[in-house]
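My questions will all concern the structure given below.
The values are calculated or read from the model by the stated rules, or taken from the named source; none is laboratory data. The shown structure was predicted, so the numbers you read here are calculated from the model rather than taken from an experiment. Cβ placement follows ideal geometry from the backbone for every residue including glycine, while neighbour counts extend to all protein chains displayed.
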2 protein chains.
Amino acid sequence: MARAQRATSETYHHGDLRNALLAAAVELIAERGVAGLSLREAARRVGVSHAAPYRHFPDRAALLLAVADEGFGRLVEAARAAMDGIEDPSERLRAYGLEYIRFARRNPVHFRVMFSEELPKPDADTTDRAPFATVALELLFEAAGAAVRPGVDAEDRARAAVAAWSMTHGFATLVADGRLPDELVADERAADELARWVLLRLSL
Amino acid sequence: MARAQRATSETYHHGDLRNALLAAAVELIAERGVAGLSLREAARRVGVSHAAPYRHFPDRAALLLAVADEGFGRLVEAARAAMDGIEDPSERLRAYGLEYIRFARRNPVHFRVMFSEELPKPDADTTDRAPFATVALELLFEAAGAAVRPGVDAEDRARAAVAAWSMTHGFATLVADGRLPDELVADERAADELARWVLLRLSL
DNA sequence: GTACCTATGTTGACATCGACAACATCGATG
DNA sequence: CATCGATGTTGTCGATGTCAACATAGGTAC
């Protein structure tokens, strides 16, 4: 928010433009949606010229990608913390799912960007610039694979992962997009409880 | 596709501009994504001037809305046909889900637009211009409500609907966005089978 | 300490887009 | 056959993404 400690000479050289732009982008998207994000408006809001952002992001897509990766990073962190110490594989998977949904509820902007169509498709190059997305999904597939009864073949293990992801991602999407009745997800407690209930309908 | 029967005077007055624009829009979105849809490019592709689309759609959002409603219409039609004649409520719900997912696979562009963030939020006015969206969701909630064991209270019935929607919508979203490994959903048969398997993990 | 050098900002320009206004054309209706 | 409304066209405006050319500040090498 507040301009970084040492804004050089109080005018030229912002000092922390990259982060300021990220924050402004999130704010803007919250107000106008992903499509409403404009580099010029973001620049305006942090008080720099319209071309300044290009010193930090090659193009608009890169800014979106940065927001997405920030989101995936936070998700991975939260999920790891939530699963930490839990032994039972089913419980671990549920803990991940719950955190995934909680994340979507608390960071709807990030979540929407993370799965936005506007995001450049991950290729070799993009993967470098957004490492966390891969990690987050690997974590999920691991947890899901471990949660199926032992002795199940690889194919069904993959299917189980898809089922778990579908359920979790579906619910999270509905929450982040505000498609569920407000009273159902108004406060954290109610939302958590509903999420838990929904995740329990999943039998792998 | 082909210009309507009587393109008046072969030049002025296209004859079926509205539909031509819809088709062009879908094509464009398939190539460049929803964000890549531009009224001017659509106009160019059907061979009219850049302002012609405004005679049929008040703005860009309206064109998107029309694509979405076309999609919801087709979905409702397909879902009704699929459920027709099936008695068992659980089977009916599964039939809907399967059709929902099949629709997403076969019409990924429509599906993405239908749930795109860019779509104007449904308010009283929009509902008039896009009646099918409501119908499609009502149909789902009915089917889900009927599928839970009798004697369950209203609250759990609503929860069940959310769970069913989450699972179905989640999987459909992953498919439409191409996030699942290609070999899993390459041909219709494999995709259907996987969808069935996934939907069977749902126990209401 | 001073003279560069590089990272970071700024100004100015161009093409594209959504949107509107003013004008043109066609076909149906009297 | 004259008129009128629906449908297209041209011209224009402001906003945007992106690039090129220029400016500035702060650190580094001597």
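Those residues that are assigned to a helix (DSSP H, G or I) and over 21 Å from B:Asp177 (Cα atoms), I need them from the stretch A:160-187; list them, please. So that I can check it myself, show each step before the final result.
Filtering the stretch A:160-187 for residues assigned to a helix (DSSP H, G or I) gives A:160-176, A:182-185.
If the condition is that a residue be assigned to a helix (DSSP H, G or I) and over 21 Å from B:Asp177 (Cα atoms), then A:Asp182, A:Glu183, A:Leu184, A:Val185 are the ones that fit.
Within the stretch B:165-188, can one find any residue that is surrounded by fewer than 17 Cβ atoms within 10 Å (Cβ to Cβ) and within 20 Å of A:Leu202 (Cα to Cα)?
no
Identify the single condition in (1) of a type in the set (Asp, Glu); (2) away from chain A (no Cβ under 14 Å); (3) within 16 Å of DNA strand C (Cβ to nearest atom); (4) touching a residue at least 40 places away in the same chain (Cβ under 8 Å) that B:Asp125 does not satisfy, given that it satisfies every other one.
Unmet condition: (4).
Taking A:Ala176 as the residue in question, decide whether it is more than 8 Å from chain B (Cβ to nearest Cβ) and under 19 Å from B:Trp197 (Cα atoms).
Values: more than 8 Å from chain B (Cβ to nearest Cβ): yes; under 19 Å from B:Trp197 (Cα atoms): no.
Judged against the criteria, A:Ala176 is not a match.
Output the residues belonging to the stretch A:149-204 that are closer than 22 Å to A:His110 by Cα and hydroxyl-bearing (Ser, Thr, Tyr).
A:Ser166, A:Thr168, A:Thr173 - these are the residues of the stretch A:149-204 that are closer than 22 Å to A:His110 by Cα and hydroxyl-bearing (Ser, Thr, Tyr).
Test A:Ile101 against the criterion of being within 14 Å of chain B (Cβ to nearest Cβ), within 16 Å of DNA strand D (Cβ to nearest atom) and either over 21 Å from the mean Cα position of the chain (by Cα) or surrounded by 14 or more Cβ atoms within 10 Å (Cβ to Cβ) (or both), and give yes or no.
Working: within 14 Å of chain B (Cβ to nearest Cβ): yes; within 16 Å of DNA strand D (Cβ to nearest atom): no; either over 21 Å from the mean Cα position of the chain (by Cα) or surrounded by 14 or more Cβ atoms within 10 Å (Cβ to Cβ) (or both): yes.
Taking the combined requirement at face value, the residue does not satisfy it.
From B:Ala143, B:Ala130, B:Ala158, grab the single residue that is surrounded by 13 or more Cβ atoms within 10 Å (Cβ to Cβ) and within 13 Å of chain A (Cβ to nearest Cβ). So that I can check it myself, show each step before the final result.
Details: B:Ala143 fails: within 13 Å of chain A (Cβ to nearest Cβ); B:Ala130 fails: within 13 Å of chain A (Cβ to nearest Cβ).
Step by step, each of B:Ala143, B:Ala130, B:Ala158 is checked, and only B:Ala158 is surrounded by 13 or more Cβ atoms within 10 Å (Cβ to Cβ) and within 13 Å of chain A (Cβ to nearest Cβ).
Tally up the residues in the stretch A:69-123 that are part of a helix (DSSP H, G or I) and among the polar types (S, T, N, Q), please. Explain how you work it out, then say what you get.
Taking the stretch A:69-123 first, the residues part of a helix (DSSP H, G or I) are A:69-83, A:89-106, A:108-114.
Filter once more, keeping what is among the polar types (S, T, N, Q): A:90.
Residues in the stretch A:69-123 being part of a helix (DSSP H, G or I) and among the polar types (S, T, N, Q): 1 in total.
Let me ask another. Does A:Glu27 qualify as being assigned to a helix (DSSP H, G or I), among the charged types (D, E, K, R) and without any contact (Cβ under 8 Å) to a residue 24 or more places away in the chain?
Numbers: assigned to a helix (DSSP H, G or I): yes; among the charged types (D, E, K, R): yes; without any contact (Cβ under 8 Å) to a residue 24 or more places away in the chain: yes.
Yes; evaluated as a whole, the condition is true for this residue.
Which is crowded, with 19+ Cβ neighbours inside 10 Å, within 17 Å of B:Phe132 (Cβ to Cβ), more than 14 Å from chain A (Cβ to nearest Cβ) and away from DNA strand C (no atom under 12 Å from the Cβ), of B:Ala79, B:Ala95, B:Ala20? Full working, then the answer.
Values: B:Ala95 fails: within 17 Å of B:Phe132 (Cβ to Cβ); B:Ala20 fails: within 17 Å of B:Phe132 (Cβ to Cβ).
One residue alone meets the criteria, B:Ala79.
Taking only the stretch B:46-59 into account, find how many residues are away from DNA strand D (no atom under 12 Å from the Cβ) and assigned to a helix (DSSP H, G or I).
At the first step, the residues of the stretch B:46-59 found to be away from DNA strand D (no atom under 12 Å from the Cβ) are B:58-59.
With the extra rule that they be assigned to a helix (DSSP H, G or I), the set shrinks to none.
Selection size over the stretch B:46-59: 0.
Something else: State all residues of the stretch A:188-204 that are more than 21 Å from B:Leu137 (Cα to Cα) and either outside any helix (DSSP H, G or I) or among the basic types (Lys, Arg) (or both); if no residue qualifies, say none.
A:Arg189, A:Arg196, A:Leu202, A:Ser203, A:Leu204 - these are the residues of the stretch A:188-204 that are more than 21 Å from B:Leu137 (Cα to Cα) and either outside any helix (DSSP H, G or I) or among the basic types (Lys, Arg) (or both).
Going by the structure shown, is B:Val46 within 16 Å of DNA strand C (Cβ to nearest atom) and at pLDDT 95 or above?
Numbers: within 16 Å of DNA strand C (Cβ to nearest atom): yes; at pLDDT 95 or above: yes.
Yes, satisfied.
Hey, could you check the stretch A:189-204 for residues that are more than 10 Å from chain B (Cβ to nearest Cβ) and surrounded by fewer than 18 Cβ atoms within 10 Å (Cβ to Cβ) and say which is farthest from B:Arg201 (Cα to Cα)? Give the steps one after another, and end with the answer.
Step one: of the stretch A:189-204, the residues more than 10 Å from chain B (Cβ to nearest Cβ) are A:189-192, A:196.
Remaining after also requiring surrounded by fewer than 18 Cβ atoms within 10 Å (Cβ to Cβ): A:189-190, A:192, A:196.
Working: A:Arg189: 26, A:Ala190: 24, A:Asp192: 21, A:Arg196: 16 Å.
Residue satisfying both the conditions and the ranking: A:Arg189.
Would you check if B:Asp88 is over 24 Å from B:Phe132 (Cα atoms) and away from DNA strand D (no atom under 14 Å from the Cβ)? Spell out the reasoning first.
Working: over 24 Å from B:Phe132 (Cα atoms): yes; away from DNA strand D (no atom under 14 Å from the Cβ): yes.
Taking the combined requirement at face value, the residue satisfies it.
Within the stretch A:15-43, how many residues turn out to be modelled with pLDDT under 95 and over 18 Å from A:Ala62 (Cβ atoms)? Give the steps one after another, and end with the answer.
Step one: filter the stretch A:15-43 for residues modelled with pLDDT under 95, giving A:15-16.
Imposing the further condition that a residue be over 18 Å from A:Ala62 (Cβ atoms) reduces the set to A:15.
So the count comes out to 1.
Do you know which of the residues in the stretch B:23-64 that are more than 14 Å from every other protein chain (Cβ to nearest Cβ) and basic (Lys, Arg) is nearest to B:Thr126 (Cα to Cα)?
My answer is B:Arg55.
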